[in-house]
Each structure stands twice: as C-alpha cells, then as structure tokens.
1. Out of everything in the range 68-89 that is part of a helix (DSSP H, G or I) and open to solvent by 90 Å² or more (accessible area, probe 1.4 Å), what residue ends up being nearest to LEU159 (Cα to Cα)?
2. So which residues in the range 322-347 are in a helix (DSSP H, G or I) and open to solvent by less than 50 Å² (accessible area, probe 1.4 Å)?
3. Residues being touching a strand residue (DSSP E or B) at 6+ places or on another chain (Cβ under 9 Å) and part of a helix (DSSP H, G or I): count how many of those fall in the range 271-321.
4. Identify, from the list TYR227, TYR258, TYR270, the residue that is open to solvent by 20 Å² or more (accessible area, probe 1.4 Å), among the aromatic types (Phe, Trp, Tyr) and touching a Pro at 6+ places or on another chain (Cβ under 9 Å).
5. Determine, yes or no, whether LEU282 is at negative phi and open to solvent by less than 30 Å² (accessible area, probe 1.4 Å).
6. Is at least one residue of the range 191-211 at pLDDT below 95, buried (at least 23 other Cβ atoms within 10 Å of the Cβ), of a type in the set (Val, Ile, Thr) and not assigned by the TED database to the domain that holds HIS143?
7. Within the range 161-176, does at least one residue satisfy the condition of being under 22 Å from VAL281 (Cα atoms), open to solvent by 40 Å² or more (accessible area, probe 1.4 Å) and assigned to a loop (DSSP other than H, G, I, E, B)?
8. Can you name the residue in the range 285-308 that is of a type in the set (Gly, Ala, Ser) and open to solvent by less than 30 Å² (accessible area, probe 1.4 Å) and, of all such residues, is farthest from LYS328 (Cα to Cα)?
Amino acid sequence: MGICFSNASDNQSPCTTGHFSSGMSQTTSNTTSSTVSNVSGNSQFSGASGSVDEVYPNGQILPHSSLRMFSFTELKAATRNFRNDTVLGEGGFGKVYKGWLDERASAKSGSGTVIAVKKLNSESLQGLEEWQSEVNFLGRFSHPNLVKLLGYCWEDKELLLVYEFMQKGSLENHLFGRGSAAQPLPWNVRLKIVIGAARGLAFLHASEKQVIYRDFKASNILLDGSYNAKISDFGLAKLGPSASQSHVTTRVVGTHGYAAPEYVATGHLYVKSDVYGFGVVLVEMLTGLRALDTNRPSHQHNLVEWIKPHLSDRRKLKDKMDSRLEGKYPSRAAVQIAQLALSCLGPEPKTRPSMKEVVEKLEHIEAANERPKEPRVSSRHQTAYRYGQQPLHHRSPLHPRHDVNRAYPLPRRAY
C-alpha cells in the first residue's frame, strides 16, 4: 500500500466497511467458503446480474460475489513456491507475486492464465481487516477501471488474494522509475490513464451507498497491456456517510502527501477527500515528481506545497513540467489540467469538484486535444488569392489517439 500512516492513539472506530461486511471470524478457516460467498447478504448496495465489462461499460455492483476460493497448495504451485524471482512488488500488506494458473499446465512451464497473488506478511499491521475489506468491496464491484479480484485463500494464518495480472505495472513505476525498463509516458497516454482512474473513482462515489477509497495514489493505479488504468488495493476503502451526514469519523490512515488536510487534522473523512488525492496525482502526472520526496531540498519535500503556487501561472508551469515529455504536449491542455488540479486541491471539501465533474472536464480536454486544428491562412496567401492566384492548401495536423506502504503512527498536524 505504499508508505502509509495511521494514528495508533486514536480511539475512534477502526477501518471497517460498515454494513458491507461478511461477518467472517478469524477463529475458524473452515467456514470461509460460506461466509465470503454470502458477502452481499446485508449489503446496502443494489446490483444487477452479469459481470462482463463489455456488457456494463459504466460498471455495476453484483448482487452476489462470485469469487473463487483457492487452496494454499494451488497458489504455492502457481507462484513456484513464492519464489523471489516472481515478486512483482511489496506493500504494507505483504508481497505480490506473479503466478500461472492452469490445471493442465505446470507453473514451471510459465503457461496458463497469468495472475497476481498478494500474500499477507505475518508481521503486517494491516492483516485480516484489510484482507476482508478487499474481499467485501472488490468481490462485488465490476467496472472497467477497477482491478478484478478473482479469488482468495484463507487457511490457518495464511491470507492471500488473487487478482488479474496487469502487464504494465503501476503508474508510479512509469512516472518515477529509472533505467531502460521505465519508458517515459507520452502525453496522450498520461491523459488516458488519469481519465480511466477518474472514471473508477467516480463509479465508487456514485454508488447507492457511496464508497470512499481513502488511499488514491500513483502506486495504486495499475495498467493493463493497452495502458488502461485500473484502481487496485481496496484495503482502506470505507462506506461513505449517510444521507443526513457530511462525513464519517474514523482513525487516520492513508499515505503521506496524498491524504486530504481535513482528514489528517480531524479524522473527518469526506467523499471529496478522495478528490484531493486525485489532484495530487494530477500534479505528479504533470511534473513527473513524487508527492513526497525527502531527497529534494527541504522546502520542496511536499510536492503540493511546493508546486501549488506555480499551477496558476502558465510560464511557471512550463518550467515545472516533466522534462521526460521533452516539450511534446499541448500547452493549453497542460494549463487546463493544472487548473483542474488546483480545484481538486481546494482547502475545503465543499470547494472541490465531484469526480463526475472531474471526468467530464478531462474528457473535454482529451476531445479538444484530438480535434484537428484549423489551418491558419497568412495575409500573404489572402493577398495572392485576392489577385486571382490559387491559395496554398495546408494539411491539418492530426493528433491520433494512442491506444496504447506500511502503517506508521502519525501525530496530528494543524492545518
């Protein structure tokens, strides 16, 4: 989950998923199959049948979970006994391994369905509660921009989650990775990614009982082979406030640099606390810089605090754009996204746009970016045409679309 924080001294209610709970007991693993399969029993969500993204491009909440229960032996074989050379990454929950799942193929052959297996570290502070949160939420969510949870394993003290494999890794790796394996993302691909991630968040916020994701950041945005973005890691997700309330109060968890200031200061969690985190990712996308980096000069450690004054100035923004873009981006679109990021980073939740509004704005920017420019006719050509000469014809330049964190105590900060 990246570098996370929590307030261990907070006596407020722990991270839970409210009524969206299966009521699983840690005392017996033999009942796991029945309890998880009935995860939707008392849900406040309404859903429809079916689970294919192509049929429901705007997503849906399934009435029943259809997760597969894996045995530990199956996943051990799929990951070649959790060998180090199959490790894809590591977070506060534990390591994530690449695996091959096919009853007719051997894992040694590297054939079969490719999966990602997240295995709980026995020393993890995030444990059963966040494992259950992932099962509860992702077990019934179906949306093109949310990663698919295929199944789970719970045997004795072993807790594992099985996901679809995302070929291109995380947005974090592409924005901040170095070396030959980390290729810089072109502007159009960056825009495609943030639009996809925005749609995923908007889906969560628009459900009957709003879901607050609570840990939106670049490392939790995964990319498939065509750079379609999918939000992953629902361990900190939480049901939103009731209709009569503006927020929920909970212990403070999340990631330094991404968490909204009102949440860090008070423990009051709003739906639009997620919008703040999205604004941080927009700034990272523009600058190619991490939200928090202690290797920078002290006044630049926090990206938002440092860059925010530059976002409203076109010339200052140009100086702060990611150098790996090599200037190959539409300046007007960059300015518009900077302005959108500023609105997302508003000091108060009520001043921030909804994720639905964010999606609409980004789609408008993308559409304008793809629209062919009208040729400009110079005064010389106009004069020539006036005297009976044929004007020069210019081909309009086209812009084709490319298809292409462990928990630590944190003292409260005053904002």
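The values are calculated or read from the model by the stated rules, or taken from the named source; none is laboratory data. This structure is a prediction, so every number in the text was calculated from the model and none was measured. Every residue, glycine among them, receives a Cβ derived from its backbone with ideal geometry; neighbour counts consider all protein chains shown. Heavy atoms of the whole protein, side chains included, go into the accessibility calculation; ligands, DNA and RNA do not. Shrake-Rupley method; radii C 1.70, N 1.55, O 1.52, S 1.80 Å.
1. Of the residues in the range 68-89, the ones part of a helix (DSSP H, G or I) are 72-78, 84-86.
Still in the list and also open to solvent by 90 Å² or more (accessible area, probe 1.4 Å): 73, 84-85.
Numbers: THR73: 13, ASN84: 18, ASP85: 21 Å.
Across the range 68-89, the extreme among qualifying residues is THR73.
2. Passing the criteria: LEU325, ALA333, ALA334, VAL335, GLN336, ILE337, ALA338, LEU340, ALA341, LEU342, SER343, CYS344.
3. 5
4. It is TYR270.
5. Values: at negative phi: yes; open to solvent by less than 30 Å² (accessible area, probe 1.4 Å): yes.
When the stated conditions are applied, LEU282 passes them.
6. yes
7. Of all residues in the range 161-176, those under 22 Å from VAL281 (Cα atoms) come to 166-176.
If we keep only those that are open to solvent by 40 Å² or more (accessible area, probe 1.4 Å) too, we end up with 167-168, 172-173.
The next check asks that each one be assigned to a loop (DSSP other than H, G, I, E, B); those that pass are 167-168.
There is at least one residue in the range 161-176 that is under 22 Å from VAL281 (Cα atoms), open to solvent by 40 Å² or more (accessible area, probe 1.4 Å) and assigned to a loop (DSSP other than H, G, I, E, B).
8. Only one residue tops the list, namely ALA291.
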